[in-house]
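FYI, it's all coordinate maths here, none of it is from the lab. Not measured: the values here are computed from a predicted model. Counting neighbours? That spans all protein chains shown, and the Cβs are built from the backbone with ideal geometry, glycine included.
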Amino acid sequence: MSQRRGSLAGLGFSVAVACCATLTACTGPGEPPAGTLSSPSSSPTGTTTPTGLPATASPSATGTGGTAASSSVDPSAYQPATSTSPAKNVPKPVMPEAAKKKDLDGQKAFIQYWIATYNYMRESGDAAPFLAACEKTSKFCAGSVKNLDDFKREGIWRVGGTVAMSEIRPKADGSTATSPLLTAVSVEAPTEFYTTDGVAAQVKLMPAKRTYDTTIALVWTITRWSVFECGNDER
């Protein structure tokens, strides 16, 4: 995660810009941090960073750098990414009814759903659910999708890197009923990056688990929550 400092526009607080390969948070275009493409042919901005996460691979199927699942596996079943193949048939998160409530419990449930869409996007390559849960003006969300597109263009997929959030709570400073700020602890699993030729040399590996203090700005728009911006401070 990048340690460049910046402030989220209009939020009045400062965070470390977390980009690509984590629940990454970006407040705007920046230098490619750890886990982003570093080849001259691509110039990603930033990306990010719940319940509803896809099931993790069992030891008999795959893991970080693992081997492909047995040929007896149902071809329509979820297959996590391996060192030789991207994930297949990734389950799409479904927003729970609790996430539609205009209260603190609804905010927490929505954030868990949102991070599930983020994990789903990075594993499946489908950004639609993630973008639907974001404000159109969110630089964090736009940067996340830009980074995904750069990876797809280079034929890169990731193994691991799932982000989980816990300890979600209100942040007093700057919050309002319709534009709340919340904090959380985000933990990202170790990540490896591959192409059909093997390890993706143009991306920095993330061999260790990473933990972040995360601040999320939500906004209530008519009938639902959406993410306005997000920032991380690596511990």
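Details
- Unit charges at the beta carbon, dipole of region 107-235: most positive-side option, L205, I111, L148: I111
- Taking label points 7 Å from Cα along the Cα-to-Cβ direction, I222 and D105 give a separation of 2.6 nm.
- Panel note: the C-alpha atoms of region 74-114, placed on their principal axes, show extents of 44, 19, 8 Å (largest first).
- Protection proxy ranking for 84-97, 109-122, using the average of other Cβ atoms within 10 Å per residue and placing the highest first: 109-122, 84-97.
- Among the listed pairs K108/K204; K171/K204; K152/K204, those beyond 26 Å (Cα-Cα): K108/K204; K171/K204
- Relative contact order of region 60-192, defined on C-alpha pairs under 8 angstrom at six or more residues apart (%): 20 percent
- Within straight-line cross-link reach of K209, aspartates and glutamates at Cα separation under 20 Å, skipping those fewer than 8 residues along the same chain: E123, E167, E188, E192, D233, E234
- The ellipsoid that matches the Cα gyration tensor of region 155-201 has semi-axes, each √(5λ) in whole angstrom, of 37, 11, 7, with the longest given first.
- If R0 is taken as 30 Å, the Cβ-Cβ distance between L205 and D173 corresponds to a FRET efficiency of 0.25.
- Distance from region 191-218 to region 120-151 (C-alpha centre basis), Å: 15 Å
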